[in-house]
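> I'd like to ask you about the structure that follows.
The values are calculated or read from the model by the stated rules, or taken from the named source; none is laboratory data. These numbers were taken from a predicted model, which means no experiment stands behind them. Backbone-built Cβ (ideal geometry, glycine too); neighbour counts: all protein chains shown.
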Amino acid sequence: MISTTPAPLVSVRNIRKTFGPKEAVTDVSFEVLPGEVFGLLGPNGAGKTTTIRMILDIFKPDSGVVEVLGGSMSQARKDRVGYMPEERGLYPHMRVLDCLVYLGKLKGLTGSEARRRAEAFLERLELADQHRQKIETLSRGMTQKVQVIAAVLHQPDLLIIDEPFANLDPVNAQLVRDIILELRDQGKAVIMTSHQLNLVEALCDRIVLIHHGRVVLQGPVAEVRRRFARNILHLSGSGRLDSLPGVAHIERRTAGDWYLTLLPDADPQTILRTIVSNDHFTLDKFDVALPSLDEIFVQIVREQSGSAPLSASTNTHGLDHNPLPTIRPT
């Protein structure tokens, strides 16, 4: 049977990197496929930036293999990669349009094509009136948008973008989000790092979480959330819910939202049938209450760091045993 899984645009296999006595990255492996947004997550100092720099061939791994766009990094492959570092890479004394044209030409565009694309992006990101301003005079949010344009101007096959939503209000964050999703829909790959995990949850198809230089969790976002789901039902409805067999705790958070914490041996279907037959409550919908990536992130980092778990109810997945669960696509 012929596999239909596309070849990865990034393949990281067992990479390791040390700086003197410090081991920054240890045995990290993951793949990034065409047409996906991939979240590279971890607390500060986890090894994310070192990993990115090895992907970009800024650092050489001490051991392991990195392949980008089908092979080892070369100048031709670098021209197909867009990169927005967290520390930024613009020339502050240049005018906005001139800077973008210059950076586009470095990626192989002609001057006229770079100018055409830059002007279109400036218009789209509501920066057309600032095209003659020097970078250093822009607000942080405007500078962030110019940096995004610089990273995507040459239509890269792989975009690596570090904290893309920093300093952006919700309207401008949506504009940047649309650009990222367009690249994904065109079959390009996006590696994104961010501490705004609500946006990671909304944007990313898969994630890898690195802590102390090691992979501690990876997989599709939906599967990761299901894997860490606690024994809680979310109900939407109206009426009154009193004590129910098999339910340890009932919490009403808003007028129509109820959260039921089940006892360990409770059968959710039996409880739902009891609720449906309740004349005092009208059930509109129900689902399993999934934890957010924020909750999962905090739980894993705390437990891997030796801190106490968030609560007894969150410490139910064997996370104090290494290795942590790896959820891979089928």
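> Among all residue pairs at least 6 apart or on different chains, which show Cβ distances below 7 Å where the first residue, located in the range 234-245, is assigned by TED's automatic domain parsing to the domain that holds Ile271 and outside any strand (DSSP E or B) and the second is surrounded by 12 or more Cβ atoms within 10 Å (Cβ to Cβ) and aliphatic (A, V, I, L, M)?
Between residues of the range 234-245 that are assigned by TED's automatic domain parsing to the domain that holds Ile271 and outside any strand (DSSP E or B) and residues that are surrounded by 12 or more Cβ atoms within 10 Å (Cβ to Cβ) and aliphatic (A, V, I, L, M), the close pairs are Leu241/Ile250; Leu244/Ile271.
> Take Leu235 and tell me if it is out of contact with any Phe, Trp or Tyr (no Cβ under 9 Å at 6 or more places or on another chain) and buried (at least 20 other Cβ atoms within 10 Å of the Cβ).
For Leu235, the condition - out of contact with any Phe, Trp or Tyr (no Cβ under 9 Å at 6 or more places or on another chain) and buried (at least 20 other Cβ atoms within 10 Å of the Cβ) - is not met.
> Do we have Gly47 as crowded, with 18+ Cβ neighbours inside 10 Å, at pLDDT below 95 and within 18 Å of Ile207 (Cβ to Cβ) here? Walk me through it before giving the result.
Working: crowded, with 18+ Cβ neighbours inside 10 Å: yes; at pLDDT below 95: yes; within 18 Å of Ile207 (Cβ to Cβ): yes.
Yes.
> Within the range 240-253, is even one residue more than 30 Å from Lys17 (Cβ to Cβ), of a type in the set (A, V, I, L, M, F, W, C) and out of contact with any strand residue (DSSP E or B) (no Cβ under 6 Å at 6 or more places or on another chain)?
Keep residues of the range 240-253 that are more than 30 Å from Lys17 (Cβ to Cβ), which gives 240-253.
Of the ones still in play, those that are also of a type in the set (A, V, I, L, M, F, W, C) are 241, 244, 247-248, 250.
In the following step, the residues that additionally are out of contact with any strand residue (DSSP E or B) (no Cβ under 6 Å at 6 or more places or on another chain) were identified as 244.
Yes: the range 240-253 contains one or more residues that are more than 30 Å from Lys17 (Cβ to Cβ), of a type in the set (A, V, I, L, M, F, W, C) and out of contact with any strand residue (DSSP E or B) (no Cβ under 6 Å at 6 or more places or on another chain).
> Inside the range 249-265, can you point out the residues that are in a strand (DSSP E or B) and over 16 Å from Ala229 (Cβ atoms)? Full working, then the answer.
Pass one, the range 249-265, residues in a strand (DSSP E or B): 249-254, 257-262.
Selection gives His249, Ile250, Glu251, Arg252, Arg253, Thr254, Asp257, Trp258.
> Cβ-Cβ under 9 Å, sequence separation 6+ or interchain: first residue in the range 266-277 and outside any helix (DSSP H, G or I), partner among the small types (Gly, Ala, Ser). Which pairs?
Close Cβ pairs satisfying both conditions: Ala266/Gly246; Ala266/Ala248; Asp267/Gly246.
> Are any residues in the range 181-196 assigned to a loop (DSSP other than H, G, I, E, B) and within 20 Å of Arg53 (Cα to Cα), and if so, which ones? Write out each step before concluding.
Of all residues in the range 181-196, those assigned to a loop (DSSP other than H, G, I, E, B) come to 186-188, 194-196.
Scanning the range 181-196 gives Lys188, Ser194, His195.
Let's see how each residue does on (1) farther than 30 Å from Gln133 by Cα; (2) in contact (Cβ under 8 Å) with a residue 40 or more places away in the chain:
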residue: Phe38; (1), (2): yes, yes
residue: Gly42; (1), (2): yes, yes
residue: Glu67; (1), (2): yes, yes
residue: Tyr83; (1), (2): no, yes
residue: Glu87; (1), (2): no, no
residue: His93; (1), (2): no, yes
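> Does the range 39-58 hold any residues that are within 21 Å of Glu295 (Cβ to Cβ) and not small (Gly, Ala, Ser), and which are they? Please lay out each step first, then the result.
Here is the first cut: in the range 39-58, the ones within 21 Å of Glu295 (Cβ to Cβ) are 39-44, 46, 48.
Leu40, Leu41, Pro43, Asn44, Lys48 - these are the residues of the range 39-58 that are within 21 Å of Glu295 (Cβ to Cβ) and not small (Gly, Ala, Ser).
Residue-wise test of (1) in a loop (DSSP other than H, G, I, E, B); (2) outside the structural domain of Thr51 (by TED's automatic domain parsing); (3) under 20 Å from Leu122 (Cα atoms); (4) without any contact (Cβ under 8 Å) to a residue 40 or more places away in the chain.
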| site | (1), (2), (3), (4) |
| --- | --- |
| Val146 | no, yes, yes, no |
| Val171 | no, no, yes, yes |
| Asn198 | no, no, no, no |
| Ala202 | no, no, no, yes |
| Leu209 | no, no, no, no |
| Val216 | no, no, no, no |
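> It is to be established whether one or more residues within the range 196-204 are surrounded by fewer than 15 Cβ atoms within 10 Å (Cβ to Cβ) and among the acidic types (Asp, Glu). Quick ask: steps written out before the conclusion?
We begin by selecting, within the range 196-204, every residue surrounded by fewer than 15 Cβ atoms within 10 Å (Cβ to Cβ); these are 198, 202.
Now drop any that are not among the acidic types (Asp, Glu), which leaves none.
No: the range 196-204 contains no residue that is surrounded by fewer than 15 Cβ atoms within 10 Å (Cβ to Cβ) and among the acidic types (Asp, Glu).
> Considering each of Thr261, Thr270 in turn, give the residue that is over 34 Å from the mean Cα position of the chain (by Cα) and β-branched (Val, Ile, Thr).
Working: Thr261 fails: over 34 Å from the mean Cα position of the chain (by Cα).
Step by step, each of Thr261, Thr270 is checked, and only Thr270 is over 34 Å from the mean Cα position of the chain (by Cα) and β-branched (Val, Ile, Thr).
> Also: If we scan the range 65-74, do we find a residue that is under 20 Å from Ala166 (Cβ atoms) and either of a type in the set (S, T, N, Q) or in contact with a His (Cβ under 6 Å, 6 or more places away or on another chain) (or both)?
Initially, the range 65-74 is screened for residues under 20 Å from Ala166 (Cβ atoms), giving none.
No, that holds for no residue.
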